[in-house]
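Only one structure is covered here, and it is reproduced in the block below.
The values are calculated or read from the model by the stated rules, or taken from the named source; none is laboratory data. All values reported here derive from a predicted model rather than from experimental measurement. Using ideal geometry, Cβ is built from the backbone for each residue, glycine included, and neighbour counts are taken over all protein chains shown. Calculation scope for accessible area: heavy atoms of the full protein, side chains included, ligands and nucleic acids excluded. Shrake-Rupley method; radii C 1.70, N 1.55, O 1.52, S 1.80 Å.
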Amino acid sequence: MATISEFVLRPFEGLPSEPDWVAMREVVPAATAPARTTAEYGARDVLITTVLPMGWPALHRSDGVVLLALQTNAGTGDLSRDLAAVLLEAIELEPGTAVETTTAPGPGPRLQDVLDLTVPFEVTVHEGFEYWLAPDTEITDDVRQSLEEADATIVPTRKLGGVPSAYWCRMGGREFLRWARAEDEQVVLDGLARLHARRESAIGTARFVGYFRSNGLVVPVWELPRGVEADDVEPDVQAFSAGFEAALADTSPLDANQRRARAGLVARQVTLR
C-alpha cells in the first residue's frame, strides 16, 4: 500500500484495461464501467463513472448502487489511494447520500487492493447523464432541466469497437480520434516515430496531430476529415492497428530520420495531470 508521501505516475497500473481508466479520467465526458469490490470489502457492485452532479466524488444512489467519479481532484500523490478512500466512504453511506467533499486520506488500501481485478472493465459511453438517477426517480421539471443543462456540456464521444481504448469525438465542429495506449511511454513514442518517419502515421485520411500524457500513459491523437463519424473510421483504424503494433514491437535502435521524427513528437506533447 502506498503512503501519502509517494507520487504514483501510473495510479491505474494493474487494474483491468488501464488505458480505459485513463480515458475516463481525461477524455470521455459521460461514461460508466462496472466494477466490484473484493470479498474482504463486501463484494459490492460499483459503477465507475466520469463525473457526478455538483462535482461529487461519489454517490450512494437511492437504489443502493454506489457510483465513483474519476474526474475529481486528487488529494495526495496517489490517485488510486484517493479514489479507494472515497469508494469505501461511499459504501458506508445511507442510500441517497453523496460524498460531497474529500480530504487527503492517510495510508490505506488502493483501488488495486479494494477491487476484484477479475471483473472486466467494460466502458459504456452515454449521450446524457440519466444514469445519475435511480430507475425509480421521479423526473420532475426541475430534475429534467438540470439534466438537460448537464447534457448540453457533453462533447459527443463514441468508443470504437474494433480496437481497445480508442475514442472518437467531435469538438468545435472538428472530429478527432484519441487512442489511449497501455505500453510504456518510450515504447509508444518510438513506435510513433518509426511510423511518422515513414509517413505512415496517418489512419486512412486522418492526420496524426500529436499526443498527450496522462496518468503515466500516452494518448496519441488524430484529426479526422470534417464530418467523419465513428463508424466511418472503424475500418481504417483496424487496418492501421497491425502496422502500429509492429512498430511498437520493434526494439531496434532508431535511425537518424526516426530520431528527428521522435524529437518533433516530444516537442508537441502536452501533459494532462
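Tabulated data for the structure shown
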| read-out | value |
| --- | --- |
| Charge sum, other residues only, whose C-beta stays under 14 Å from Ala69's C-beta, Lys/Arg counted +1 and Asp/Glu -1 | -2 |
| Per-residue HN-Hα couplings for the stretch 192-201 [Karplus 6.51, -1.76, 1.60; θ = phi - 60°; Hz; x = Gly/Pro] | 5, 4, 4, 5, 5, 5, 8, 6, 10, 8 |
| Amide H contacts of Ile48 (H built 1.01 Å from N, under 5 Å, at least 5 apart or other chain) | Ala33, Ala35, Leu68 |
| Whole-Hz couplings from phi, Karplus 6.51/-1.76/1.60, listed for the stretch 27-36; x for Gly and Pro | 10, 9, x, 9, 7, 9, 8, x, 8, 8 |
| Rounded to 10°, Cα long-axis angle of helix 230-249 versus longest principal axis of the chain | 70 degrees |
| For a label point 7 Å along the Cα-to-beta-carbon line of Glu223, residues of the stretch 127-168 with backbone N under 20 Å | 155-158, 167-168 |
| Fraction of antiparallel bridges per DSSP, the chain only, in percent to nearest 5 | 85 percent |
| Prolate/oblate/rounded call for the stretch 164-231, Cα gyration tensor, a/c under 1.5 rounded | oblate |
| Per DSSP, loop trypsin sites (Lys or Arg not before Pro) in the stretch 119-161 with at most 15 further Cβ within 10 Å | none |
| Percent carbon-and-sulfur accessible area, the chain, ignoring ligands, DNA and RNA, probe 1.4 Å | 51 percent |
| Backbone N within the stretch 179-193 under 16 Å of label point (7 Å from Ser252 Cα along the Cβ vector) | 190-193 |
